[in-house]
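Structure first, then comments.
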Amino acid sequence: MRKNLRRICALTMTALLALGMTGCSDSEVAEGEWEWESSIEIICPWGTGGGADTTLRQFAAALEEELGVSVVVNNKEGAGGVTGVQFFSEQPADGYTYLLCTPSPLLAQISGATDFDVYGTINPLVQVVHDVNVLMADIDAPYDTYQELVDYVAANPGVVKAGVMTINGLDAACIQAAFGDTVEAVAYSDGSQLNADVIGGHVSLACVGPAEVSALVASGDMKCILSFTEEPLTLEGYEGVDYAGDVAPDALFGPARGIFYLEGTPEAALEAFEAAAEKAVASEAFQTWATTEGLDQRQGWKDTAEYTASWDADYEDLTAMFGV
């Protein structure tokens with residue numbers, strides 16, 4: 001009924017305009033259309049310079065080209081991303097405020113690290129990229145493969161520790177899934193310090209993204225022991241590296257970064273955002289950057305239907321493995 005009324009209104013307005021008269025209000029637009037009247041804000045629940053922030057800023061630049069309005073990135077870090085999600089939940093659902101998120105805050109809820117209902121509050125709109133995690137070691141570490149590392153851990157209980165950026169996040173989940181309680185995850189707040197500690201022998205391993213250690217792989221200071229991926233990596237410097245799909249199939253967690261909205265956001269705004277986001281992600285500038293950053297190892301773009309299905313599956317899988 002509502003759709004028919006909108007169509008009638010649109011037809012009436014066209015006819016009246018042809019006679020030089022005014023029918024429906026100027027604020028009304030045809031169904032499925034949305035006019036962006038001001039800048040858009042996308043909240044990033046992590047600090048500047050990290051993978052989430054870098055991805056969002058590249059996406060925002062490409063999105064501006066499609067929308068014709070500015071896209072502002074607002075970093076609200078803390079509590080492994082939960083602080084930013086909570087902040088987002090307090091914003092108006094007016095079509096001008098969105099959130100970039102990964103499953104890490106979801107895992108915080110599932111594991112009991114927060115009592116905030118992440119899953120019940122934010123809604124998936126589009127997936128932008130799906131990054132991977134890799135397990136790195138010093139180039140002189142006495143293991144080169146996953147099995148050699150497992151054997152070394154068994155022979156040296158309590159010695160091997162893995163640095164992660166979020167103790168309740170997907171990087172820590174990778175360590176837990178691949179090694180159980182035999183390898184302790186150690187929280188770091190600075191990725192550069194983590195890499196330096198691996199090279200300096202202060203911590204045995206680092207679970208990070210390939211882009212964060214690409215220079216150290218190229219210089220021969222670090223080597224990859226395992227990629228937490230379904231298939232082998234095709235990145236330069238990672239040839240022949242073990243992959244979890246073959247040796248540790250439960251350890252496939254990697255940060256899928258996407259845009260979320262609040263219930264009540266106008267559907268016309270969501271449709272317009274989704275259409276513009278698809279073009280932004282497919283743009284030459286964004287795709288060139290993604291390839292350079294090693295973000296071409298998994299399917300990046302997902303529309304609302306695909307991303308919602310993935311988000312629901314992540315919730316079920318993570319709950320089965322880490323639920324309290």
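For region 271-301, the tally of residues that are farther than 17 Å from Ala52 by Cα and in contact with a strand residue (DSSP E or B) (Cβ under 6 Å, 6 or more places away or on another chain) stands at 1. When region 299-316 is filtered for residues that are polar (S, T, N, Q) and under 19 Å from Thr121 (Cβ atoms), the ones remaining, listed by number, are Thr304, Thr308, Ser310.
Just so you know, in region 68-98 the residues that are crowded, with 21+ Cβ neighbours inside 10 Å and either of a type in the set (A, V, I, L, M, F, W, C) or touching a Gly at 6+ places or on another chain (Cβ under 9 Å) (or both) include one that is nearest to Trp36 (Cα to Cα), and it is Val71.
Within region 128-149, the set of residues being part of a strand (DSSP E or B), farther than 18 Å from Gly201 by Cα and of a type outside the set (A, V, I, L, M) comprises His130 only. Counting only helices (runs of 4 or more DSSP H) that sit wholly inside region 236-324, those with at least 3 residues that are within 24 Å of Val82 (Cβ to Cβ) and touching a residue at least 40 places away in the same chain (Cβ under 8 Å) are 304-322.
Residue-by-condition table, conditions (1) part of a helix (DSSP H, G or I); (2) within 20 Å of Val217 (Cβ to Cβ); (3) in contact with a Pro (Cβ under 6 Å, 6 or more places away or on another chain):
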{"site": "Asp151", "(1), (2), (3)": "yes, no, no"}
{"site": "Val159", "(1), (2), (3)": "no, no, no"}
{"site": "Gly163", "(1), (2), (3)": "no, yes, no"}
{"site": "Thr166", "(1), (2), (3)": "no, no, no"}
{"site": "Ala172", "(1), (2), (3)": "yes, no, no"}
{"site": "Thr182", "(1), (2), (3)": "no, no, no"}
{"site": "Ser189", "(1), (2), (3)": "no, no, no"}
{"site": "Ser192", "(1), (2), (3)": "yes, yes, no"}
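Every read-out reported here was derived from the displayed coordinates using simple, explicitly stated rules and does not represent laboratory data. Because the structure is a prediction, the values reported are computed rather than measured. Every residue, glycine among them, receives a Cβ derived from its backbone with ideal geometry; neighbour counts consider all protein chains shown.
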